[in-house]
Amino acid sequence: MARVSQQHLDARRRQIMDGAALCFARNGFHATSMQDVLKEVDLSAGAVYRYFRGKDELIQAIVTEVLDDVRAAFEAVGKEPSPPPPHELVGTVLGQMLRSRPALQVDGVFYFPRLMVQVWTETLRNEGLATVLHEGYAKVRDAWVEIVKGYQEAGMMRADLDPDAVARTMIAAVQGFAAQQALFGELPVETLQVGLRGLMSMGDPAGS
């Protein structure tokens, strides 16, 4: 029997994860069965279970990968000598996420925001997934904290502000934007960028 290459294995795993993510985004975790995933990816049960033991393991793999990608994107920008201002940074990272998930865009509809909302809801009952999300969130927040410190060192932001508080607020803006897309329809990333730029343009007469 011919030996299967690692490239083939990686491509098959990618196929399964993309198909499952699309199913979960469309119908939610509970309404999606493994049979639905098999139909979406057009593979046998044996082929899928070779990579994932069940739906929960598949969900955790998808969530972990997305969070790792987001963290890596922010970390890469944060290491630049002069980090771009927040509205540019958020736009860059969100744009990268959109382009990196072409399988989650069908007939002009991008399902990634819907997947995020499904994940947040599922963490309220799934302790394993909640752990994955909390650990991933901590890594993303750490990456943002380093970016905020970079702003302060470059004189782009007041030095007396708490980097962790700023990081949490910026993450909340991105999460809120994703929730709006999922609930009310797609919005261009530029909408969030314009809003952030407007907020940052406000003066602080009281100096506090």
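Annotations for the structure displayed:
- Solvent-accessible area per residue for the range 32-133 (1.4 angstrom probe, square angstrom): 51 Å²
- Cα convex hull volume per residue for the range 42-139 (Å³): 127 Å³
- The chain: proportion of alpha-carbon pairs further apart than 29 angstrom, %: 33 percent
- Nonpolar atom fraction for the range 16-61, defined as the carbon and sulfur part of the 1.4 Å probe accessible area, stands at 44 percent.
- Segment T191..L124, full-extension length gain: 21.1 nm, with 0.36 nm per residue of separation and the alpha-carbon distance subtracted.
- Assigned charges on the beta-carbon of Lys, Arg, Asp, Glu; the range 59-208 dipole about Cα centre (debye): 180 debye
- For the peptides 160-170, 11-21, the ranking by packing is 11-21, 160-170, with the highest mean count of neighbouring Cβ atoms within 10 Å listed first.
- Remark: the range 70-146 carries a charge dipole of roughly 140 debye about the Cα centre, counting +1 on each Lys and Arg Cβ and -1 on each Asp and Glu Cβ.
- What the phi angles of the range 80-93 give under the Karplus curve with 6.51, -1.76 and 1.60, with θ = phi - 60°, is a coupling list of 5, x, 10, x, x, x, x, 5, 6, 4, 4, x, 5, 5 Hz, glycine and proline written as x.
- Selected from A130, G28, V66, residue furthest toward positive end of dipole (the chain; charges at beta carbon): G28
- Inverse mean reciprocal Cα-Cα distance (Kirkwood Rh) of the range 100-161, Å: 14.4 Å
- Acute angle (nearest 10 degrees) that the helix 163-184 long axis makes with the longest principal axis of the chain, alpha-carbon atoms: 50 degrees
- Estimated from helices alone, the mean residue ellipticity of the chain at 222 nm is -23500 deg cm²/dmol (sum of -39500 (n - 2.57) over DSSP H runs with n ≥ 4, per residue).
The values are calculated or read from the model by the stated rules, or taken from the named source; none is laboratory data. As the structure is a computational prediction, the values presented were derived from the model and not from experiment. As a convention, Cβ positions derive from the backbone with ideal geometry for all residues, glycine included, and neighbour counts pool all protein chains shown. Quick note on the areas: whole protein, heavy atoms, side chains included, nothing else; ligands and nucleic acids left out. Shrake-Rupley method; radii C 1.70, N 1.55, O 1.52, S 1.80 Å.
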